[in-house]
Every structure is written in structure tokens, then in C-alpha cells.
1. Looking only at the range 81-102, filter to residues that are among the small types (Gly, Ala, Ser) and open to solvent by 50 Å² or more (accessible area, probe 1.4 Å); which one of those is modelled with the lowest pLDDT?
2. So how many residues does the range 167-184 have that are open to solvent by 40 Å² or more (accessible area, probe 1.4 Å) and free of Cβ contacts under 8 Å to residues at least 12 places away in the same chain?
3. Which count do you get for residues in the range 4-29 that are open to solvent by 40 Å² or more (accessible area, probe 1.4 Å), among the β-branched types (Val, Ile, Thr) and not in a loop (DSSP other than H, G, I, E, B)?
4. VAL283 - would you say it is free of Cβ contacts under 8 Å to residues at least 40 places away in the same chain and over 16 Å from TYR110 (Cβ atoms)?
5. Quick test for you: out of MET1, MET58, pick the one residue that is modelled with pLDDT under 85 and either closer than 30 Å to ILE136 by Cβ or open to solvent by 80 Å² or more (accessible area, probe 1.4 Å) (or both).
6. With respect to the numbered conditions (1) within 18 Å of VAL263 (Cα to Cα); (2) open to solvent by less than 50 Å² (accessible area, probe 1.4 Å); (3) modelled with pLDDT of 90 or more, which one is the sole condition not fulfilled by GLY37?
7. Being open to solvent by less than 40 Å² (accessible area, probe 1.4 Å) and part of a helix (DSSP H, G or I): is that true of ALA288 here?
8. Evaluate the following for SER188: is it out of contact with any strand residue (DSSP E or B) (no Cβ under 9 Å at 6 or more places or on another chain), surrounded by 17 or more Cβ atoms within 10 Å (Cβ to Cβ) and either of a type outside the set (Val, Ile, Thr) or at pLDDT 50 or above (or both)?
Amino acid sequence: MNQIKTFDNFVASVKDALAKEFPGCQVGIITVTKNNGVRLQGISVRPKGTSIAPNIYMENYFSDFQDGRPFTDIIKELKSVYRQGMDNAAMGINADAIQDFSSVKDRICYKLINRELNEEFLFTAPHRDFHGLAVIYYIDLSHAGGEMASVTVTGSLADTWGIDEGRLFGLASINTPKLNRGQIIPLSDELDILVGIHSPHNTGCGCCQYDRFDFTSVGEGILPLYIATNARKVYGSAVILYKGLLEAVAKITGSFFVLPSSVHECIFAPGEPEDAERMAEMVRSINATQVAAEEVLYDGCFYYNAESHELHRAA
């Protein structure tokens, strides 16, 4: 594969290779605008008999190739990814089913995105404002043991169903905690897991259940920082919308900051209102150095007042 010199060469070569591997499918190059206006190029392999195809984006694979990963190894992985996508299609994930509101209403969920960076998308999508963020909706098509699969609810799809944003929010408020169980995890536990000290099943930190959440109280000497996400750690920042979650945390920590570290999680940190700018600078630093552009949620922070039970923008 010495002829591959540029990203475009790489994408075209992958397309040709997958077309040979899947002769009965339509293989094409696509460009998709993702969250926060980030544009990614990928390849779509569309199985016969379905109007939905898995899209795999090429940027990370090209980076692996530049780092020396064999092209044949990349194609082998992509074949496995696409076969899984075809299995999903075989399970009945198709456009006709998605347009039937009765078949998907119990899988409508919400997630949080940056409102300012997604103005063009939000112009036509059902959503509601939330402290400078936007609540949008998707259909959770995941099945037990499978990868996360979803379809965004657009304005045209909502019109097809004949429902408004208020109905979507009501359904998502029920479905999201049920399908994506919330988790409040001490940051110290996550750090220990990363370095292999212990697993989340033997932390000895007093884990217990709270409503639909796995709620963990921290002991003396433990960092008073929590990661708020869901069991899948996908779109987990939306757990701050879950009824009762912020109030439950405040009963243990008192008032606290909510640091939107990505669309997938938030960090809860104790502090006083005058600490707001320092907390916001921490978020900006994380966004600039550790978060992919399409996963940035917000360049600021929020504060939850334990006495008034209110969340507001702090910086």
C-alpha cells in the first residue's frame, strides 16, 4: 500500500477493499456533520433489503495507518464492524420501523449538546434549552450485548409521528434513566481502576442503590470529586436531567459545581460560588487538551444550590 500518501488515497483504498469483501452491498464514501459542526469522512456499506447502513469514520484508522498499522489489519477490523452492523439490520432496524411511532416510542431518549455550536442543526430539530445547552432526542436502537446504535430525532421525523417536543421530552424522561442507568462514581475509584488497584465491585466504598442510580458515598480521605455518567458511558452528561439525581448528591456533598467535561460525562465538585471562574478554567483546559472536538459540551460550569434545589450557570 505504498501508493497511499494522503487521507483521500486511504479512504478510496478502503472503499475499494470493502467493495470486494461485500460484493452484494452498496459501498460509498460519505461526509457527515457531527456534533458541534465537526465534519468527518467515512464509508457506508449498505446491505440489501435495508435503508440503514453502518457508517464508519476513517480519521482514526488513517492515523493508525500512518503510525504503522498494516492496511490488511485495518480492513480485517472493518469487516468485523460492518458484519455487526449488518446483524443489527437483520434484527429489524430499518427505516419503516423507525417511522412507526408505536414501535420506537419506548426507546426515545435525550442527550445534551452545546447550543451555540449546533445552531444550524437545532434550527430544524425538536429541542429545548437548558442553561446554555440543548436537550435533543434520539432513538436508542442498541440491543443487549451490542454496540451503541441510535438515530437522531429530526424535525421531519417528529412531524411524521405527529408529536411535539413536549411529548418527546416526557417520553425521554421516562426512557433514558431506564435504558441508560445513571451512575455517580467517586473520581478516586475511576483512577484506581485505570491503574489496576481494584475493580468497581470490590472498592469497599459503601456502594448502594438510589432509585435508578448506582449511588456511591465516599469515605474519609477520598477525593470529594464524582463522575456523573451512565452505565454505557455514552451521552452520559444527560444524567443531570434525571429526576432527583442532583438533589440526592447534594444531600451528601452540599452545594456543588457541575463541570461538563464532555457530552459523555460531568464532574461534580464541591466548592463555593466564588470558585466559579477557577472551575470554568478547569473545564476549558480539559476541553482544549483532552476532549475530541465533537465531544465538547460546554466551556463553562454550573452550580447546584443544595438549599434552593436549583441549578444555574456559574461561569
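The values are calculated or read from the model by the stated rules, or taken from the named source; none is laboratory data. Since we're looking at a predicted model, the values are computed, not measured. Here the Cβ is made from the backbone with ideal geometry for all residues, glycine too, and neighbour counts use every protein chain on show. Note: accessible area is taken over every heavy atom of the protein model, side chains too, but ligands, DNA and RNA are not part of it. Shrake-Rupley method; radii C 1.70, N 1.55, O 1.52, S 1.80 Å.
1. Among residues in the range 81-102 that are among the small types (Gly, Ala, Ser) and open to solvent by 50 Å² or more (accessible area, probe 1.4 Å), the one modelled with the lowest pLDDT is ALA90.
2. Total meeting the criteria: 2.
3. So the count comes out to 1.
4. Considered against the rule, which asks whether it is free of Cβ contacts under 8 Å to residues at least 40 places away in the same chain and over 16 Å from TYR110 (Cβ atoms), VAL283 comes out as yes.
5. MET1
6. (3)
7. No: the conditions fail for ALA288.
8. So SER188 passes the test.
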